[in-house]
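**Q** One structure, pasted below without further comment.
Derivation of every value follows stated rules applied to the coordinates shown; laboratory data play no part. Values in this document were obtained by computation on a predicted structure and should not be read as measured data. A quick note on method: Cβ atoms are made from the backbone with ideal geometry, for glycine too, and the neighbour counts reach across all protein chains shown.
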Amino acid sequence: MNSYAVTLVAVLLATAANAKTLKVAAGPNAQERVQTALLDAKPGDVVALGMGRFSFTDGLSLDVDNVTVTGAGEHKTILSFAKQKGAGEGLLVTSDGVTVRDLTMQDTKGDGIKSKAADRISFVSLTVEWTGGPKETNGAYGVYPVASSNVLIDHVTVRGASDAGIYVGQSKNIIVRNSRAEFNVAGIEIENSSNADVFGNIATHNAGGILVFDLPGLPVMGGHSTRIFRNMVVDNDTPNFAPKGNIVAGVPTGSGVMLMANRNVHVFENTISGNQTAGVMIIAYSRDFDDKTYNPLPRDFVVRDNRFGRNGWAPALPGGKDLAAAMGGSMPPIMWDGVDTYPGGHETLRMWFKDGPVANLRMTKGGAVETANPVVTPSVGAPGLAEPSPVVLPVEQDKLAS
Amino acid sequence: MRRLVALVAAVLILGVAPAPVALDLLLAETPAPTLSDYHLFTDASGRVPNAGLTPYGLNTPLFSDYSEKSRLLYLPPGARATYREIGVLDFPVGTTLVKTFAYPADLRRPSLGLRSIETRLLIHKSQGWVALTYVWNTGQTQAVLKRAGARLPVSFVDLKGARQNLDYAVPNQNQCKECHSLSGSLSPIGPKARNLNGEFTYTSGRENQLTHWSRLGNLVGAPDPKVAPRTAAWTDERAPLEDRARAYLDGNCGHCHNAAGMASNSGLFLNLEEADPAARGIGRRPVAAGRGSGNLDFDISPGHPEASILVYRMKSREPGVMMPELSRSMVHTEGVALIEAYLKSLPAR
């Protein structure tokens with residue numbers, strides 16, 4: 001064993017020896033007891049919340065590196081925020097190397113669990129839900145890592161979010177797997193982010209199943225390199241209940257996979273069925289923007305080898321009924337707006353849409369459905385676009401999976 | 001014998017000199033359990049500052065549910081702050097900013113019957129700033145450290161004579177950082193040259209704060225206040241509407257809504273230094289507002305305060321909707337009126 005390895009082992013042992021578990025039982029005054037534990041924790045510690053129901057009047061927050069917050073299991077440890085009086089989320093994490101796992105969080109007034117500017121942030125075996133069903137007054141996001149890096153979301157269930165159940169924004173190196181998003185406006189959304197693998201998830205009964213967006217005017221833009229594979233994107237049939245003004249309020253009910261702007265997005269080997277607007281919808285960002293560094297076009301996209309069931313029979317789009325009728329009753333599995341021009345320029349787009357038929361609406365301008373001049377082809381483009389490399393998380397983080 | 005008598009007489013006349021501020025405790029790793037341990041005040045109820053503390057005010061402060069806030073600057077003996085034109089003044093290690101939140105029984109008589117709720121400390125330690133808060137007992141005889149936050153019932157009569165009851169929120173230690181965060185490090189917000197550049201009524205009379213601090217030796221390098229930057233006082237009706245409104249947004253939103261703040265990911269920047277109208281919210285669509293959008297399309301719809309998310313969230317008292325997220329549970333009617341007037345004045349598109 002070389003000296004580096006010896007040192008490493010010594011450090012690991014030291015960490016393990018000093019690490020302690022701060023146990024907090026359910027019961028009165030949970031706010032102060034849990035928050036105090038979150039403040040007292042030292043790097044390496046575990047904050048263990050006991051079985052039962054914890055009721056909070058304010059948001060919780062954690063700002064210590066390398067702390068695990070764990071419950072006794074989903075539906076066994078329940079954090080209720082129904083009586084919340086302040087703060088924008090249930091739990092805010094602003095430190096690195098944090099894992100939140102094995103608990104249920106309910107009825108936050110704003111977002112469920114948010115991480116801001118956190119590296120190695122993991123959400124494992126969690127349920128985040130709004131218990132009154134889909135409602136406009138529910139919080140926006142269930143799990144919400146933003147401006148974070150090395151993000152793991154594994155075995156997480158989110159239901160009822162009035163924006164996206166699982167939302168990753170302005171982040172990089174991301175894995176979302178084995179999770180379930182249902183009865184949200186958007187099931188899973190990757191926005192203004194790069195290097196994301198989204199696989200083995202179920203997105204069902206949302207308005208939109210899985211979304212990959214890139215939006216202008218944000219500190220992090222130019223989302224790219226996302227793989228959406230081996231997911232079940234089925235029966236997304238909850239009418240869109242997002243408050244107007246939010247970008248997801250424009251997601252047509254029954255959108256399976258919706259991709260907007262972005263670069264190098266690969267959608268493959270998913271099961272996509274029961275989505276009334278479209279199986280896979282690919283569009284340009286269509287609203288005005290004055291950010292010269294922003295490209296609103298989808299570029300270098302691949303859609304291949306997915307299993308499509310019935311989709312697109314009643315597109316919830318302006319003129320959707322006529323569109324479907326013109327296509328012989330329902331939309332083909334892939335719908336692309338075909339926009340290749342924007343105020344900043346024109347691009348020759350490289351796409352490989354293998355799963356046909358593909359409806360290319362050939363719109364001349366983003367969002368301008370009236371300019372549609374649809375053509376249906378068995379496929380679009382040709383193979384040859386390189387797939388993004390698999391996302392690799394730090395080993396310790398990847399091992400957290402249950 | 002005569003000397004002893006003289007000594008006793010001197011002590012009787014002067015009283016026993018109060019213990020100086022306990023700088024060692026301020027800089028200790030473990031915070032003191034009670035505020036009085038630091039000797040920042042000479043009385044038990046924290047109304048009389050010790051020697052070495054200088055009271056100050058801000059041209060445009062954060063609205064905190066109509067509480068009266070009194071601020072003190074402590075500098076270690078011989079230490080001084082260095083002037084900076086932009087951002088917070090350069091304060092030496094040991095600097096402590098002391099802020100007490102209190103309510104009078106009746107806002108129309110703000111100096112009467114003041115009840116202190118909490119006293120917050122921002123201490124500049126060698127490794128950075130640390131935030132602590134001490135909550136006062138009902139007898140107003142002791143303030144104890146409260147790290148995990150608290151909710152306290154507060155009642156007062158407002159400016160219109162109506163009784164107001166609220167659940168005052170003492171922030172937890174992390175929440176201090178949510179507002180006081182610049183690129184992830186804790187930092188003071190208020191004592192910037194531009195926000196201190198105004199007059200304050202000292203026991204010795206009115207004087208510009210930058211001048212006063214320079215004269216006391218608290219501050220070096222400050223130019224004549226006339227050439228130093230100055231944040232408008234949001235209440236100053238002689239100042240241009242835009243200056244007042246932007247000062248208000250800077251003081252109430254800009255600490256999170258700036259490129260290095262907690263809300264950096266929103267892309268909405270309301271600090272005074274922001275030059276881009278779109279980043280300041282004008283014609284800007286929300287990103288992660290959720291139900292905070294109130295079914296409106298733009299953060300600021302110029303000419304239309306009623307169609308602006310900014311105003312909607314300022315008027316809300318609902319967590320998840322209201323802004324700021326921390327520090328308020330009431331609507332700041334006067335602040336809302338100012339911002340509404342400002343948005344109305346912007347040319348509609």
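**Q** Across every pair of different alpha-carbon atoms, what Kirkwood hydrodynamic radius in Å does chain B reach?
**A** After inverting the pairwise mean of 1/r, the radius is 21.7 Å.
**Q** Arranged from highest to lowest average of other beta-carbon atoms within 10 Å per residue, in what order do the peptides A:376-386, A:272-282 appear?
**A** In descending order of packing, they fall as A:272-282, A:376-386.
**Q** Also, I was wondering about something else. Helix A:3-18 sits at what angle to the longest principal axis of chain A, using alpha carbons and giving 0 to 90 degrees rounded to 10?
**A** 70 degrees
**Q** If you don't mind, another one. Taking A:K321 as the anchor, which lysines have their alpha carbon closer than 26 Å to its alpha carbon, excluding any fewer than eight residues away along the same chain?
**A** Filter leaves A:K244, A:K354, A:K365.
**Q** With an 8 Å cut-off on Cα pairs and a minimum separation of 6 or more residues, tell me the relative contact order of chain A in percent.
**A** 9 percent
**Q** Same structure, new question: Whole-Hz ³J(HN,Hα) for each residue in region A:189-204, computed from phi via Karplus 6.51 cos²θ - 1.76 cosθ + 1.60 with θ = phi - 60°, x for glycine and proline: what do you get?
**A** 10, 10, 10, 6, 10, 10, 6, 10, 10, 10, 8, x, 9, 10, 10, 9
**Q** Another question about this same structure. Amide H neighbours of A:G312 under 5 Å, at least 5 residues apart or on other chains, H built in the peptide plane: list them.
**A** A:N275, A:Q276, A:T277, A:A278, A:G279
**Q** Right, here's the next one. Starting from the Cα-Cα distance between B:T42 and B:M330, subtract it from 0.36 nm times their residue separation and give me the gain in nm to one decimal.
**A** Net length gain for the segment: 100.3 nm.
**Q** Compare the peptides A:258-270, B:292-304, B:152-164 by average per-residue count of other Cβ atoms within 10 angstrom and give them in order, highest first.
**A** Final packing ranking: A:258-270, B:292-304, B:152-164.
**Q** Taking R0 as 56 Å, what's the FRET efficiency between B:E237 and A:T341 from their Cβ-Cβ distance, rounded to 0.05?
**A** My answer for the efficiency is 0.65.
**Q** If you don't mind, there's one more thing I want to ask. Report the trypsin sites (Lys or Arg not before Pro) located in region B:268-347 that are in a DSSP loop and have at most 15 other Cβ atoms inside 10 Å of their Cβ, or state none.
**A** B:R317
**Q** May I pose another question? How far, in degrees from 0 to 90, does helix B:241-252 lean away from the longest principal axis of the Cα atoms of chain B, to the nearest 10?
**A** The angle comes out near 60 degrees.
**Q** Which order results if B:I86, A:I188, B:I282, A:I283 are arranged by neighbouring Cβ count within 10 Å, fewest first?
**A** The fewest-first ordering by Cβ neighbours comes to B:I86, B:I282, A:I283, A:I188.
**Q** Then there is this: Given a Förster distance of 25 angstrom, what is the FRET efficiency for A:K292 paired with A:R362, based on the Cβ-Cβ distance and rounded to 0.05?
**A** Once rounded, the FRET efficiency stands at 0.40.
**Q** Distance in nm between label sites at A:K20 and B:D224, each 7 Å beyond Cα in the beta-carbon direction?
**A** 6.1 nm
**Q** Still on this structure, I have one more. Which number gives the lysine pairs in region B:94-225 that have C-alpha atoms under 18 Å apart and are eight or more places apart or on different chains?
**A** Close lysine pairs found across region B:94-225: 7.
**Q** May I pose another question? Give a quick list of trypsin sites (Lys or Arg not before Pro) in region B:194-234 that DSSP marks as loop, anything other than H, G, I, E or B, with at most 11 other Cβ atoms within 10 Å.
**A** B:K226
**Q** Right, another one. About its Cα centre, what dipole magnitude does the protein assembly as shown give when the only charges are +1 on Lys and Arg Cβ and -1 on Asp and Glu Cβ, stated in debye to the nearest 20?
**A** So the magnitude is around 1480 debye.
**Q** Would you be so kind as to identify which of B:P324, A:I210, A:G338 lies farthest towards the positive end of the dipole of the protein assembly as shown, taking Lys and Arg as +1 and Asp and Glu as -1 on Cβ and the Cα centre as origin?
**A** In the protein assembly as shown, that residue is B:P324.
**Q** Calculate the mean, over all residues of peptide B:262-272, of how many other protein chain Cβ atoms lie within 10 angstrom of the residue's Cβ.
**A** The mean count of partner-chain Cβ atoms within 10 Å per residue comes to 4.
**Q** Over what distance in Å are the Cα centres of region A:44-72 and region B:157-218 separated?
**A** One Cα centre to the other: 32 Å.
**Q** Relative to the longest principal axis of the C-alpha atoms of chain A, give the angle of the C-alpha long axis of helix A:30-40, reported between 0 and 90° and rounded to the nearest 10°.
**A** 80 degrees
**Q** Select from region B:60-136 those GluC sites (Glu not before Pro) which occupy a DSSP coil region and have at most 16 other Cβ atoms within 10 Å, ordered by residue number.
**A** Counting only loop positions with at most 16 other Cβ atoms within 10 Å, the GluC sites (Glu not before Pro) in region B:60-136 are B:E85.
**Q** Could you list the residues of region A:105-134 with an amide nitrogen less than 19 Å from a label point located 7 Å from the Cα of A:H75 in the Cα-to-C-beta direction?
**A** Residues passing the 19 Å test: A:105-107, A:124-134.
**Q** Starting from the Cα-Cα distance between A:D322 and A:K42, subtract it from 0.36 nm times their residue separation and give me the gain in nm to one decimal.
**A** Once the chain is fully extended between A:D322 and A:K42, it gains 94.6 nm.
**Q** Under the 0.36 nm per residue contour assumption, what length would be gained going from the current alpha-carbon distance of B:N295 and B:T82 to full extension?
**A** 72.0 nm
**Q** Please give the FRET efficiency for A:V369 paired with A:T131, using the beta carbon to beta carbon distance and R0 = 51 Å, rounded to the nearest 0.05.
**A** Result of the calculation: an efficiency of 0.85.
**Q** Lys pairs in region A:82-206, Cα-Cα under 25 Å, at least 8 apart or on separate chains: how many?
**A** Lysine pairs meeting both conditions in region A:82-206 amount to 12.
**Q** Given the options B:L182, B:G267, B:P171, identify the residue whose Cα lies farthest towards the positive end of the charge dipole of region B:169-328 (+1 on Cβ of Lys, Arg; -1 on Cβ of Asp, Glu).
**A** Toward the positive end, the furthest listed residue is B:P171.
**Q** Same structure, new question: Could you list the residues of region A:103-132 with an amide nitrogen less than 20 Å from a label point located 7 Å from the Cα of B:E318 in the Cα-to-C-beta direction?
**A** A:106-113, A:129-132, by backbone N distance to the label point.
**Q** Counting pairs of alpha carbon atoms under 8 Å apart in space and at least six apart in sequence, what relative contact order in percent does chain B give?
**A** 13 percent
**Q** Another question, if that's okay. Per residue of B:148-154, what is the mean number of Cβ atoms on other protein chains within 10 angstrom of that residue's Cβ?
**A** Taking all residues of B:148-154 together, the mean is 5.
**Q** Here is a further query. Along region A:157-167, what does the Karplus equation 6.51 cos²θ - 1.76 cosθ + 1.60 (θ = phi - 60°) give for ³J(HN,Hα), rounded to whole Hz, x for Gly and Pro?
**A** 10, 10, 9, x, 5, 7, 10, 10, x, 10, 10
**Q** Here's something else I'd like to know. Let me have the relative contact order for region B:198-243, percent, based on Cα pairs under 8 Å that are six or more residues apart.
**A** 22 percent
**Q** Next up: For A:156-163, what's the mean count of beta carbons from other chains sitting within 10 Å of each residue's beta carbon?
**A** Per-residue shielding by partner chains comes out at 1.
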